[in-house]
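Let me begin by presenting the structure, written as structure tokens, before commenting on it.
The values are calculated or read from the model by the stated rules, or taken from the named source; none is laboratory data. This one's a predicted model, so the numbers in the text were calculated from it and none came from an experiment. Cβ coordinates were reconstructed from backbone atoms using ideal geometry, including for glycine residues, and neighbour counts include every protein chain displayed. Remember, those area values only see protein heavy atoms, side chains included, never the ligands or the DNA or RNA. Shrake-Rupley method; radii C 1.70, N 1.55, O 1.52, S 1.80 Å.
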Amino acid sequence: MNDQPGATARSIEAEDAVLARNYAPLPVVLADGDGVWVRDVEGNRYLDLLSAYSALNFGHRHPALIAAAQDQLGRLTLTSRAFRNDKLGAFAAALARLCGKDMVLPMNTGAEAVESGIKVARAWAYRVKKVPTEQAEIIVAHGNFHGRTTTIVGFSDDPSAHLDFGPFTPGFVSVRFGDAAALEAAITPRTAAVLIEPIQGEAGVIIPPAGYLRAVRELCDRHGVLFIADEIQSGLGRTGATFACDREDVVPDVYLLGKALGGGIVPVSAVVADERVLGVLRPGEHGSTFGGNPLAAAVGLAVVELLATGEYQERAAVLGERLAGLLAPLVGDGVTETRVAGLWAGIDVDEAVGSGRQVAERLATRGVLVKETHDHTIRIMPPLVIEAEQLDWAVEQLREVLAGR
Ligand SMILES: *Cc1c(COP(=O)(O)O)cnc(C)c1O
């Protein structure tokens, strides 16, 4: 503790003078990390219960991922897609196999994967489904979060995401999440795709009613519509399965992946689908300078190899049961509701206890990092490498904070 007194204040002051104020971070300045732990500039240690919104599913600096990155740093880091590189093919093949699909479109950030999915769905609608030009519609869900580009925020119903950023891209229709009848009513002959998060993350870990994903699949099949699952936050082990869609044995037409795919090292995202869908793209129609770069591909391949063992999905399932058991007794005791899917929990804090932000600040003083979402919800999403005792300790800290201690 206090290796460098005042270092936090100095660092925050320097940062706030030059940094755009599009975030309001907790007053903790992190300097190093290892597994589930991070340490600040004063030497204080924290358990990371956010995992960079699932980008750190394997923890900070997982040895296999760091080794893959370091090896690749010594060889080749960027070629652009003007040329081929010797890592991209192996990554794409492994990722396609993990997803049970034929083809991969590599990008960098999650929002780019979503944008790419939208473009692919529209091109598919015109070229395969024969929707009249410029008339394709994509159905999304209320409460969605798919990223921050202007097209994407245009169909967000969170005012802080879209206010003053219009005008927006047309062609999107929004229906109630979890309501299959509302979805069916919104489908028209012009519908190209349904784009949903199988579990809504930023909305507060909102789990749809059982059977909803199967109903979405069935409706998409019946009406010739693509089912695009944004698994950027929910996928790659978080919910106790490789994909949240697996929880209902549902296979979407298109997976959108990101976050954990970069192993907590570099941004790596992808659109994964069968040839009948992704095959609509022709050379020159879409791209990204950094997409599919050899460093990203080497890290992404190492991530897929970790997931192929099933070990992380299994950990998330087993520890997720434990987390649900630890959180259940808190309901009625500072918590109004909890929603748990694998190692992923949304916890609605009783207003009498304080805001989600206040709970996050108090937890930080106890060495636990979480982030609020909306006013009264906090999320618990530790790296999947967390140990049972660490999880117990973290929830105990939450219990104490909720009890006002
Ligand atoms: C984070 C997230 C995105 C956007 O990813 P970025 O890498 O931040 O652009 C898209 N969809 C979902 C479900 C997400 O959680």
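Observations on the structure shown:
- Of PRO252, PRO267, PRO283, all but one fail to be open to solvent by less than 40 Å² (accessible area, probe 1.4 Å) and in a loop (DSSP other than H, G, I, E, B); the exception is PRO252.
- Each residue in the range 92-119 was checked for being within 16 Å of the ligand (Cβ to nearest atom), surrounded by 19 or more Cβ atoms within 10 Å (Cβ to Cβ) and touching a residue at least 40 places away in the same chain (Cβ under 8 Å), and 13 of them qualify.
- Only listed residue being open to solvent by 60 Å² or more (accessible area, probe 1.4 Å), under 30 Å from GLU231 (Cβ atoms) and not basic (Lys, Arg), chosen from ASP16, ASP34: ASP34
- Residue match in the range 155-174 (condition: under 18 Å from PRO252 (Cβ atoms), in contact with a helix residue (DSSP H, G or I) (Cβ under 8 Å, 6 or more places away or on another chain) and either free of Cβ contacts under 8 Å to residues at least 24 places away in the same chain or buried (at least 20 other Cβ atoms within 10 Å of the Cβ) (or both)): no
- If only residues of the range 216-249 that are of a type in the set (D, E, K, R) and either within 14 Å of LEU195 (Cα to Cα) or assigned to a strand (DSSP E or B) (or both) are counted, the one that is nearest to the ligand (Cβ to nearest atom) is ASP230.
- Filter result for VAL349 (buried (at least 23 other Cβ atoms within 10 Å of the Cβ) and over 30 Å from ALA64 (Cβ atoms)): yes
- The range 316-369, residues that are part of a loop (DSSP other than H, G, I, E, B) and closer than 24 Å to LEU26 by Cα: GLY334, LEU343, TRP344, ASP350, GLU351, ALA352, VAL353, GLY354, SER355, ARG366, GLY367
- Every residue from the range 286-315 that is aliphatic (A, V, I, L, M) and either open to solvent by less than 40 Å² (accessible area, probe 1.4 Å) or part of a loop (DSSP other than H, G, I, E, B) (or both): LEU295, ALA296, ALA297, ALA298, VAL299, LEU301, ALA302, VAL303, VAL304, LEU306, LEU307
- Residues of the range 66-91 satisfying the condition of being closer than 29 Å to ARG148 by Cα and touching a residue at least 60 places away in the same chain (Cβ under 8 Å): ILE66, ALA69, THR77, LEU78, THR79, SER80, ARG81, LEU88, PHE91
- Residue satisfying all of: in the range 192-232; crowded, with 19+ Cβ neighbours inside 10 Å and among the acidic types (Asp, Glu); farthest from VAL175 (Cα to Cα) among these: GLU231
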